[in-house]
Structure formats: C-alpha cells, structure tokens
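First comes the structure, then the notes that go with it.
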Amino acid sequence: MCVHLCRGNSGHGQASGGYDPVAERLFQRLDFDGFFLEYDTERSGDFQPLRFVPRDRVVVLGLMSTKQKALEPIDALKRRVDDAARFVDMARLCLSPQCGFASTADVARFTADDEERKLAHLVSAASQIWR
C-alpha cells in the first residue's frame with residue numbers, strides 16, 4: 001500500500017516548502033510500502049528529506065507536471081532522478097506525474113490526447129533513465 005502526498009489542487013495550494021518538517025515522522029512512522037511525492041516545482045524543496053526513507057520502501061517521484069502541457073526535457077528529469085538517487089537507491093525510485101490530470105471534475109486542463117502524449121513521454125523518459 002502506498003500513499004500520495006498531495007500539495008494542493010485547482011490552484012489552491014495546501015502546502016509549500018520542502019518535506020523537511022515532516023520527513024522523519026512521515027517516512028519512518030507510517031507503515032506504507034511507498035510514497036508518491038510531488039516534486040514538479042521548487043515549492044517541494046530538495047531531495048534531502050528522502051534520507052529518512054527506510055531501505056525497504058519505494059519513492060515515486062512526481063516530477064512531471066499535470067498542470068502544464070509542456071513536456072519536461074528528459075535530460076532535466078534524469079538530472080532530478082539522479083539527485084534523488086543520492087538519498088534513495090535507483091532501484092527504489094520511480095517516475096510519475098505529480099498528481100492527477102484534473103483537480104476537480106469540472107477542471108479540464110488536458111484533453112485525452114494531451115494526457116496520452118504526456119504519459120507516453122513519461123514512459124520514454126523512464127525507459128531512458130532506467131535502461
């Protein structure tokens with residue numbers, strides 16, 4: 001079982017700043033197999049809080065924005081994953097969108113084609129990062 005830590009929807013941010021204030025408690029006291037973390041903007045801070053993730057847990061890095069249609073450069077995603085790998089072994093890291101593609105049922109930032117293009121880009125990036 002995994003948990004997604006949502007940082008806010010529909011332009012109403014619920015949290016900003018790094019995971020530092022909650023990292024040790026979050027990663028060491030909660031009994032989850034993995035953590036889906038939003039790291040698509042600077043408001044999420046750096047990857048140092050990942051040092052508290054136990055060695056038997058997975059971290060899913062939400063590096064791809066579901067708020068912007070632009071595709072993230074694969075080289076930039078690779079650099080970010082490499083930065084995270086300083087704290088969590090590459091074998092326990094994954095790549096994902098930072099959240100869902102719609103904040104609410106009435107907010108449609110993406111068409112189905114946009115979503116498919118973004119997800120295909122994610123698969124391509126992951127294939128290149130984890131050769």
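Read-outs throughout are calculated quantities, based only on the coordinates presented, and are distinct from any laboratory measurement. This structure is a prediction, so every number in the text was calculated from the model and none was measured. Cβ placement follows ideal geometry from the backbone for every residue including glycine, while neighbour counts extend to all protein chains displayed.
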For Rg and Dmax of the Cα atoms in Å the list reads (1) 16.1, 54; (2) 14.4, 47; (3) 14.5, 40; the calculated value is entry (3)
In the neighbourhood of Arg55 defined by beta carbon distances under 9 Å, the net charge of the other residues (Lys, Arg +1; Asp, Glu -1) is 0
per DSSP, antiparallel bridges as share of beta bridges in the chain, % nearest 5, sits at 10
Ranking Ala112, Pro54, Pro97 by how far each Cα lies towards the positive end of the charge dipole of the range 2-129 (+1 on Lys and Arg Cβ, -1 on Asp and Glu Cβ), the top one is Pro54
Going fewest to most other Cβ atoms within 10 Å around each Cβ, Glu115, Glu42 line up as Glu42, Glu115
Quick note on Asp56, Asp83, ordering by fewest other C-beta atoms within 10 Å, gives Asp56, Asp83
By the mean-Cβ-within-10 Å protection proxy, highest first, 69-75, 34-40, 119-125 rank as 34-40, 119-125, 69-75
Note on the chain: helices (DSSP H) long enough, at least 27 Å by alpha carbon along their axis, and hydrophobic enough, mean Kyte-Doolittle at least 0.0, are none
Restricting to Cα pairs under 8 Å and 6 or more apart, the percent relative contact order of the range 2-129 works out to 24
The distance between the Cα centres of the range 25-67 and the range 109-127, in whole Å, is 21
Asserting the computed 222 nm helical MRE of the chain (DSSP H runs at least 4 long, -39500 (n - 2.57) per run, divided by residue count, to nearest 500) equals -9500 deg cm²/dmol
For Lys78, the aspartates and glutamates lying under 20 Å Cα to Cα, once residues fewer than eight places off in the same chain are dropped, come out as Glu38, Asp40, Glu42, Asp46, Asp89
Computed about the Cα centre, the charge dipole of the chain from +1 Lys/Arg and -1 Asp/Glu charges at the Cβ has a magnitude in debye, to the nearest 20, of 200
